[in-house]
Structure formats: structure tokens, C-alpha cells
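What follows draws every value from the coordinates through simple rules; no lab data is involved. Treat the numbers as computed from the prediction; the structure is a model and nothing was measured. Every residue, glycine as well, gets a Cβ built from its backbone with ideal geometry; the counts of neighbours run over all protein chains shown.
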Amino acid sequence: MIGQDYPAIEYIVIDGGSKDGSVDIIRRYESHLAYWISEPDSGQSEAINKGMARASGQYVAWLNSDDIYLPGAVSSAVAALTEKSDAGMVYANGVGIDSGGGQTDWPVYDQYSLIDLLAMRIIHQPTVFMRRKVVQMVKGLDPSYHLLMDHHLWVRIAREAPIYFVDQYWAAARRHALAKNSMHRPEFAVEARRILSEMSKYEDVATLIAQHSQQIEAGQRVFKAGYLFADGHCRAAVRGFLSAIYAHPGVIHRCWRLILLSLMATLNFGGMQALLYKIRAHIRRRRYSRKALQ
């Protein structure tokens, strides 16, 4: 992060009272920091809100301790927010890395609307940069969410202002066994439904939901089935994906690969499944390499 080429960065570190040596590392970089504190908090959302409340710039973003920005990310994000003066936030593609920092996946994102977000099209969180006044308008993260608090924030921002996708790679997120997306998979679908329920209380959003109910319902089903697949419940995942296609056939472009992988896992075609993973990884890695050279 300190190696970014954008000169006007305000570094704020909020530590939840760690006893693992984190404070010693923070003190080592104290001269670079605008503010830091180490004290117990109620969780990630409170810590992030606390940090953003200390920020004084036009734009804000956060990194979790496991994640990193790629070279030039901040300057590219600021340029995008400057160009799109109506933007509530901008986001980009990201990279998945393992515990040792090796690249493992290169997911590709797209331009999403509020409808897409309600249909659980997920954004790579470390790539998001937001206009601070819009974050303040929606009152930041909701601490009552523990898994999808970032997505809940994107939805509320998208209701207030346009969001824009930039087809670049800005950040890397670390994947490991102790990460929340590995430990609490069934709970993600519960919070996804809660977001939809809460947002439907707003008249303008309720109208959108009614107009695009099948698309949104299909997206919610794909999201839940994806976590069933990740947990090894492949038959249930296939049923979930097929029910999503039944609700809205257009969603097939989003889940046909996962259906294929789920069927292969169910039929014990492990070798073919591994080959498909390798092919997908190769295609995504080549795309990332081309983008990195631009």
C-alpha cells in the first residue's frame, strides 16, 4: 500500500486490539500513518466505519489485513472518480491469492446496476473506491451484517448514485481456510435475502424489484447454489442452479460452468473437473497478463 504512486494518500489503521504482534508492525510504519489505534471493537464493520470517520479526503476505500493493492491502483481509481463526477463508487477486476501470495484466480467483473446487485452480482471488495460524501449519506457499513456488509453498502450507494466498472486489475484478495467466505458459507444466502427484504422497504427499490423480480430471484438462487457447490453439496447445487434457470433463463450464462462442475463432482469425474479448472485458470491468467501490459 505504501508503494502506491498516488501522492495524496491518508493512511489510517484500525486494529481490533490484536495480541499477535500487529501493533509492533503498525508502529514500524507509524511515520507514514495519519492515524492509528488498537482497541477492541464489535467487529470489522465498526472498525471500518471508525477509520472512514477519521478520513478527510474526497475518496475512501479500505483493505483488510490479508489483501493488497496492485501497482497504480489508487491513481487509476482517483482518475476514474474524477472523470465520472457523478459516481458514488468505482470498482475493477481483482486477483485471488493464496496464503503465500501466489496468484490462484483472476475473476472478471462487469458493469453492474442496482438490479444486478440485488441479484447478487458480487464485486471484488478491495477494488472498490468510494466518494466519501456518498458513504456518509448512506451512513457507512451496517454492523448488524457480518458477511455481506460490503455488498449491502454497494447496494445502498447504487441507490443514491451511479457506480462504474473500470476494466483493469486493482487489488488482490487472499483466500485461505480461515477466511470468512470459507467458514460461514451457509450464512451468506441468509444475509443476501435480508438485503433484498430490507431494500424492498424503499418505494423506488420495491418498484425495481417488482419489475425485475424473476431476474433478481434467479440471481439470489445462483448465489445460494454457488455456496452449496463450494461446500460440496453438489446435487443440491445443481437443483439450485436449475431452479434459477427456471425462474429466469437468462441467468444460464452466469452458472452453466458451475452446473457442469457440480455434475462432474456428483458423477466422480474428478479428473475432468480438475482439467476444466486448469483451462479456466489459464484463460483468466492470459487475460490478466494482457491487461497488465496495457
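Just to be sure I understand: of the beta bridges DSSP finds with both ends in the stretch 12-183, what percent are antiparallel, rounded to 5?
Numbers: 8 of 21 bridges.
Roughly 40 percent of the DSSP beta bridges within the stretch 12-183 come out antiparallel.
Taking a point 7 angstrom from the Cα of Val190 along the C-beta vector, which residues in the stretch 225-265 have backbone N less than 17 Å away?
The answer is 225, 227-228, 231, whose backbone nitrogens lie closer than 17 Å to the label point.
Report D for the stretch 212-293 in µm² per second (integer): Stokes-Einstein, Kirkwood Rh on Cα pairs, 4 °C, 1.567 mPa s. Write down the numbers at each step before the final one.
Numbers: Rh = 13.5 Å.
In µm²/s, the coefficient is 96.
Give, to the nearest whole percent, the P(r) tail of the chain beyond 36 angstrom, counting all Cα pairs. Working shown, then result.
Details: 7481 of 43071 pairs.
Taking all Cα-Cα pairs of the chain, the fraction more than 36 Å apart is 17 percent.
Based on DSSP H runs of at least 4 residues, each adding -39500 (n - 2.57), what is the mean residue ellipticity at 222 nm of the chain after dividing by all its residues, to the nearest 500 deg cm²/dmol?
Numbers: 13 runs with 151 residues, N = 294.
Helix-only estimate at 222 nm: -16000 deg cm²/dmol.
Not counting the cut sites, what is the longest span of the chain without trypsin sites (Lys or Arg not before Pro) that DSSP labels loop and that have at most 16 other Cβ atoms within 10 Å? Present the calculation step by step, with values, prior to reporting the outcome.
Values: sites that count: Lys19, Lys139, Arg175, Lys201.
The longest such stretch corresponds to 20-138.
What Rg and what Dmax come out for the stretch 12-183 when only alpha-carbon atoms are used, in angstroms?
When restricted to Cα atoms, the stretch 12-183 yields Rg and Dmax of 15.8, 44 Å.
Tell me which aspartates and glutamates have Cα within less than 19 Å of Lys133's Cα, excluding those fewer than 8 residues away on the same chain?
Glu10, Glu46, Glu83, Asp86, Asp142, Asp150, Glu160
Could you give the radius of gyration (one decimal) and Dmax (whole number) of the Cα atoms in the stretch 100-143, in Å?
Using the Cα atoms of the stretch 100-143, the pair Rg, Dmax is 13.8, 38 Å.
Quick one: putting +1 on the C-beta of Lys and Arg, -1 on the C-beta of Asp and Glu, what dipole do you get for the stretch 12-183 around its Cα centre, in Debye to the nearest 20? Walk me through the numbers before you get to the answer.
Working: 16 positive and 19 negative charges, 73 e Å.
Approximately 360 debye in magnitude.
How much length, in nm to one decimal, is gained on full extension between Ser42 and Tyr246, taken as 0.36 nm per residue of separation minus their Cα-Cα distance?
On the way: separation 204, 0.36 × 204 = 73.44 nm, distance 4.10 nm.
Full-extension gain reported as 69.3 nm.
Once Rh is set to the Kirkwood radius over Cα pairs, what Stokes-Einstein translational diffusion coefficient, in µm²/s, holds for the stretch 1-48 at a temperature of 10 °C and a viscosity of 1.306 mPa s? Numbers along the way, then the final one.
On the way: Rh = 11.8 Å.
This corresponds to a translational diffusion coefficient of 135 µm²/s.
Evaluate 2.2 N^0.38 Å with N set to the residue count of the stretch 141-288, then give the Cα radius of gyration divided by it. Kindly include the intermediate steps, with their values, before the conclusion.
Details: Rg = 17.0 Å, N = 148, 2.2 N^0.38 = 14.7 Å.
With N residues counted in the stretch 141-288, Rg over 2.2 N^0.38 Å equals 1.16.
Find the centroid of the Cα atoms in the stretch 182-223 and in the stretch 86-146, then give the distance between the two in whole Å.
17 Å
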